[in-house]
1. If you take just the helices (runs of 4 or more DSSP H) that sit entirely in segment 35-123, which of them hold at least 1 residues that are more than 28 Å from ILE176 (Cβ to Cβ) and at pLDDT below 95?
2. Out of all the residues in segment 6-21, which are assigned to a loop (DSSP other than H, G, I, E, B) and exposed (fewer than 14 other Cβ atoms within 10 Å of the Cβ)?
3. Scanning for something more than 19 Å from the chain's Cα centre (by Cα) and surrounded by 13 or more Cβ atoms within 10 Å (Cβ to Cβ), does segment 62-77 turn up at least one residue?
4. Please name all residue pairs, on different chains or six or more residues apart, with Cβ atoms under 6 Å, provided the first residue is in segment 19-48 and is free of Cβ contacts under 8 Å to residues at least 60 places away in the same chain and the second residue is part of a strand (DSSP E or B) and surrounded by 15 or more Cβ atoms within 10 Å (Cβ to Cβ).
5. Just need a number here: residues in segment 22-34 that are out of contact with any Phe, Trp or Tyr (no Cβ under 6 Å at 6 or more places or on another chain) and assigned to a helix (DSSP H, G or I).
6. Could you tell me which of the residues ILE187, ILE151 is surrounded by 14 or more Cβ atoms within 10 Å (Cβ to Cβ), in a helix (DSSP H, G or I) and modelled with pLDDT of 95 or more?
Amino acid sequence: MEIRKETIKKQVREWINLGYIVPEDIPSIELYMDQITTFMDKFLSKNKRTEEDKTLTKTMINNYTKNDLLPPSNNKRYSKEHIILLIYIYYLKHVISINDIQTVLTPLIDKFYDNKDKNHSLEDIYANIYELEKRQFFNTANSITKTYELIERGFSEDDDDYLKEFTFLSLIGYDIFMKKKLMEHIIDEMAERTQKEESKAKSKEKSKNSKQKDVKKK
């Protein structure tokens with residue numbers, strides 16, 4: 001049984017071993033759009049389900065900019081910070097909607113994009129998340145392995161393989177659904193908080209303008 005357990009662990013880790021971009025591999029020089037799509041595909045093409053799948057296209061980049069997910073380029077050149085934001089979008093779009101991604105990334109862009117005065121840069125944040133994700137990989141792999149073992153104990157060796165696979169997919173799907181609902185709940189709270197802050201700022205600005213008008217009248 002121990003040998004079987006180790007085999008399952010190894011197989012699960014192979015299946016979920018995604019393509020990723022090490023912080024040090026992100027170019028410090030600005031890139032043109034063609035160079036960015038080539039760069040992203042080089043490191044993330046491993047995640048494609050089929051060869052026809054696209055990692056990143058020019059149309060995607062333009063749409064991200066139009067939807068305020070990505071700041072405009074600098075004379076058609078994109079910085080290291082642009083690439084970091086594109087990496088976040090790449091992963092998040094497989095889980096949440098574009099509107100939700102906008103809610104998540106807008107404060108990040110407002111606070112840290114091209115802001116040298118902040119204690120944390122986008123590069124620092126990405127490097128920190130990357131290190132945490134490496135640890136999370138093993139947590140996720142162990143969780144999937146335990147789900148598989150749960151099914152192994154719930155069925156006999158004579159039971160139909162399809163039924164085992166269906167049960168496994170159902171449990172994994174339930175796990176994903178719960179995490180997705182948790183993400184949506186947090187994002188909704190973020191959106192509500194942002195809306196209150198914007199409303200407060202508008203009210204403050206309106207009051208300031210009103211006072212200025214009163215002073216002019218006097």
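The values are calculated or read from the model by the stated rules, or taken from the named source; none is laboratory data. Owing to the predicted nature of the structure, the values given are computational and were not obtained by experimental measurement. A quick note on method: Cβ atoms are made from the backbone with ideal geometry, for glycine too, and the neighbour counts reach across all protein chains shown.
1. Per the criteria, 58-66, 98-112.
2. The answer is ILE16, ASN17, LEU18.
3. Yes: segment 62-77 contains one or more residues that are more than 19 Å from the chain's Cα centre (by Cα) and surrounded by 13 or more Cβ atoms within 10 Å (Cβ to Cβ).
4. Within 6 Å, the pairs are LEU31/TYR78; ILE36/TYR78.
5. Count: 4.
6. ILE187
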